[in-house]
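Enquirer: Here it is, the structure in full.
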Amino acid sequence: MPQLKSFPSDFLWGGSTSAYQVEGAWNEDGKGPSVIDMGNVVEGTTDFKVASDHYHRYKEDIALFAELGLKAYRFSIAWTRIFPTGEDQINQKGIEFYNNLIDELIANGIEPIATMYHFDLPYALQEKGGWSNRQTVEAFALYSKTLFEAFGDRVKYWLTINEQNMMILHGDALGTKHVDADNPMKDLYQQNHHMMLAQAKAMSLCHQLLPSAKIGPAPNISAIYPASCKPEDVLAANTFSAIRNWLYLDMAVHGHYNATAWRFLEERHATPTIGADDMQILSSAKPDFIAFNYYNSQTVGESSGDASDVNSTGDQQITIGEVGAYKGVENENLLKNEFGWEIDPVGFRTTMRDIYERYGLPLIITENGLGAFDKVDENGDINDDYRIEYLKQHIEQVQLAITDGVEVFGYSPWSAIDLISTHQGCSKRYGFIHVDRDEFDLKSLKRSKKKSFYWYQTLIANNSL
Ligand code: BGP
């Protein structure tokens with residue numbers, strides 16, 4: 001083992017959630033419906049309506065986060081609490097809720113990290129074409145300005161769009177609708193272009209309105225391995241890296257389209273229409289850091305050239321192949337979790353190095369964690385040793401990456417508290433804090449600390465593994 005560098009003394013040990021997965025209160029205090037509320041996420045529980053009831057219990061939850069020792073809490077703001085129809089009228093009750101949440105965090109010494117948009121597009125905007133409609137860019141710009149003005153005096157870290165790349169690549173799993181059936185891919189990449197513009201406008205506005213705040217994108221980035229050292233497999237991995245990872249970060253950081261990704265779109269007649277000022281807007285916006293989510297690596301091989309390449313499990317961490325470009329394959333060197341996601345801590349270090357070498361910006365990990373069917377034993381304890389093991393192995397790699405010279409300023413695993421999985425219900429749990437509810441039975445919603453809670457608490461207190 002090399003001599004390890006320590007975690008910086010101000011390292012942001014965090015915990016993450018998103019609004020629709022944790023808050024509940026889906027139609028309270030003037031909140032409008034989002035695409036999630038209207039059932040765009042096809043599988044799994046219908047119960048995002050109550051979720052973990054954090055909306056009513058945020059004080060109790062933040063007290064637990066403080067006891068856990070969190071230095072930061074990454075949450076998302078529900079666009080439809082602020083603008084019930086996505087634009088036009090501001091809902092003051094929504095502003096009030098996040099004011100209270102932010103104040104409570106600060107009173108407990110926890111740095112708020114706010115995601116502006118985490119999958120829950122306002123349904124009213126979806127009805128007008130969603131991200132296919134360029135007007136959504138303006139709605140997002142207005143929404144972001146409203147957030148900066150309302151919360152910018154206290155929120156120093158902003159994340160624009162959660163996992164935009166997963167929304168494009170796994171639209172079916174994450175509720176991204178295609179409107180143009182003739183060429184769904186062209187429509188998707190038009191949506192993508194609009195989200196890029198929305199993000200760029202938000203980043204520029206943030207710097208204009210809040211000179212001391214920091215803002216960055218939050219894609220899901222992972223190392224991509226070739227299935228073998230066969231050159232065609234390596235080329236397939238190179239293509240997939242461009243489509244899955246670099247398209248998003250090259251645009252966010254440099255304001256241009258990744259050449260390989262652009263060619264991939266040209267070949268499929270799927271390049272977006274670019275407005276006269278778009279490239280200027282995109283290239284003048286700069287992030288201050290890169291936030292990214294990491295659960296596993298991906299392995300791809302050469303395309304077999306037919307439909308068998310396309311695997312659509314509806315799961316955002318299992319590669320859907322693309323005829324003529326790549327197909328997802330299993331990596332036999334890796335173990336899998338109960339949901340078939342490969343576990344690859346070393347790939348995490350590779351990913352951090354790759355991002356830092358390409359962009360030279362500080363990194364924060366905004367999601368990483370293990371979904372599992374936790375069991376409450378007869379004493380009421382939850383012994384989630386498997387989760388501790390997963391987190392430990394990944395945190396070791398963060399420290400190794402820091403030792404490699406990568407600038408990492410925070411690690412905020414998924415999730416601070418149990419919440420509803422994106423499409424696998426509430427029995428797939430991730431939290432340090434257990435929430436007593438089942439898929440269809442809300443039970444007591446009581447909070448209790450898992451074994452991982454005490455483990456993470458010690459780690460944070462020592463600022464070391
Ligand atoms: C990411 C999302 C999160 C979260 C996580 C775990 O893609 O940003 O919202 O849900 O994955 O995924 P899942 O809930 O499907 O297990």
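Enquirer: What are the DSSP H helices in the chain that stretch 30 Å or more along their long axis, judged by alpha-carbon atoms, and whose average Kyte-Doolittle hydropathy comes to at least -1.0?
Expert: Length and hydropathy pass: 184-209.
Enquirer: Sticking with this one: Explain nothing, just compute: Karplus ³J(HN,Hα) = 6.51 cos²θ - 1.76 cosθ + 1.60, θ = phi - 60°, for every residue of the stretch 407-412 in order, whole Hz, x for Gly and Pro.
Expert: 8, 10, 10, x, 9, 10
Enquirer: Hey, can you rank 133-142, 195-204, 72-81, 422-431 by average C-beta count inside 10 Å, highest first?
Expert: 72-81, 195-204, 422-431, 133-142
Enquirer: Under the rule of at least 5 residues apart or a separate chain, name every residue whose amide H is placed under 5 Å from the amide H of W13.
Expert: K71, A72, Y411
Enquirer: Still on this structure, I have one more. Around L361, under 12 Å between beta carbons, what's the net of Lys plus Arg minus Asp minus Glu among the other residues?
Expert: Net of charged neighbours comes to 0.
Enquirer: Here's something else I'd like to know. Report the net charge of residues surrounding N27, where surrounding means a beta-carbon distance below 15 angstrom and charges are Lys +1, Arg +1, Asp -1, Glu -1.
Expert: Net charge around N27: -3.
Enquirer: Next up: Which whole-angstrom value gives the distance between the alpha carbon centres of the stretch 356-406 and the stretch 236-256?
Expert: Cα centres, the stretch 356-406 to the stretch 236-256: 25 Å.
Enquirer: Assign unit charges at the C-beta atoms only (+1 for Lys and Arg, -1 for Asp and Glu), then state the dipole size of the stretch 419-462 relative to its Cα centre in Debye, rounded to the nearest 20.
Expert: For this selection, approximately 180 debye.
Enquirer: Let me spell out the model: positive unit charges on the Cβ of Lys and Arg, negative unit charges on the Cβ of Asp and Glu, origin at the Cα centre of the stretch 12-462. What dipole size does that give, in debye rounded to 20?
Expert: So the dipole magnitude of the stretch 12-462 works out to roughly 920 debye.
Enquirer: Rounded, prolate or oblate: which one fits the stretch 233-281, using the alpha carbon gyration tensor with axes a ≥ b ≥ c (rounded when a/c is under 1.5, else prolate when a/b beats b/c, else oblate)?
Expert: Taking the square roots of the gyration eigenvalues as a ≥ b ≥ c, the stretch 233-281 is oblate.
Enquirer: Pairs of alpha-carbon atoms within less than 8 angstrom and 6+ residues apart define the contacts here; what relative contact order does the chain have, in percent?
Expert: Across the chain, relative contact order equals 18 percent.
Enquirer: Give the long-range amide H neighbours of A291: residues separated by 5 or more places, or on another chain, with amide H under 5 Å away, using H modelled in the peptide plane at 1.01 Å from N.
Expert: Hits under the 5 Å cutoff: I364.
Enquirer: If neighbour count is taken as other Cβ atoms inside 10 Å, put D438, D418, D182 in order from fewest to most.
Expert: Lowest count first: D182, D438, D418.
Enquirer: OK, next. Net charge within 11 Å of E322 by Cβ-Cβ distance, Lys/Arg positive one each and Asp/Glu negative one each, not counting E322 itself?
Expert: Local net charge: +1.
Enquirer: How would the stretch 12-462 be classified by its alpha-carbon gyration tensor: rounded, prolate or oblate, with rounded meaning a/c under 1.5 and the a/b versus b/c comparison settling the rest?
Expert: Verdict is rounded for the stretch 12-462.
Enquirer: Could I ask something else about it? Take the residue pairs K336/K446; K49/K428; K156/K449 and return only those whose Cα atoms are more than 20 Å apart.
Expert: K336/K446; K156/K449
Enquirer: Right, something else. Among the DSSP beta bridges whose two residues both lie in the stretch 12-462, what percent are antiparallel, rounded to the nearest 5?
Expert: If I count the DSSP bridges inside the stretch 12-462, around 25 percent turn out antiparallel.
Enquirer: Excluding residues fewer than 8 places away in the same chain, name every one of the lysines whose C-alpha is closer than 22 Å to that of K128.
Expert: Here the lysines satisfying the reach criterion relative to K128 are K31, K145, K177, K186, K201.
Enquirer: With the Cα gyration tensor of the stretch 266-343 giving a ≥ b ≥ c as the square roots of its eigenvalues, does the rule (a/c under 1.5 for rounded; else a/b larger than b/c for prolate; else oblate) give rounded, prolate or oblate?
Expert: Here the stretch 266-343 falls in the oblate category.
Enquirer: Still on this model: Go through the stretch 80-89 residue by residue and turn each phi into a ³J(HN,Hα) via Karplus (6.51, -1.76, 1.60, θ = phi - 60°); whole Hz please, and just put x for glycine and proline.
Expert: Whole-Hz 3J(HN,Hα) from phi for the stretch 80-89: 6, 7, 7, 10, x, 10, x, 7, 6, 7.
Enquirer: So who's got an amide H within less than 5 Å of the one on D344, skipping anything under 5 residues away but keeping other chains? H placed 1.01 Å off N, in plane.
Expert: Counting only residues 5 or more places away or on other chains, the set is S297.
Enquirer: Here is a further query. Could you tell me which residue out of N383, T366, L209 lies farthest along the dipole of the stretch 12-462 toward its positive end? Charges go on the beta carbon: Lys and Arg +1, Asp and Glu -1, centred on the Cα centre.
Expert: Going by the charge dipole, the pick is L209.
Each value in this text was obtained by applying a stated rule to the coordinates, not by laboratory testing. All of these numbers come straight from a predicted model, not from anything done at the bench. Neighbour counts are summed over all protein chains in view; Cβ atoms, including those assigned to glycine, are modelled from backbone coordinates with ideal geometry.
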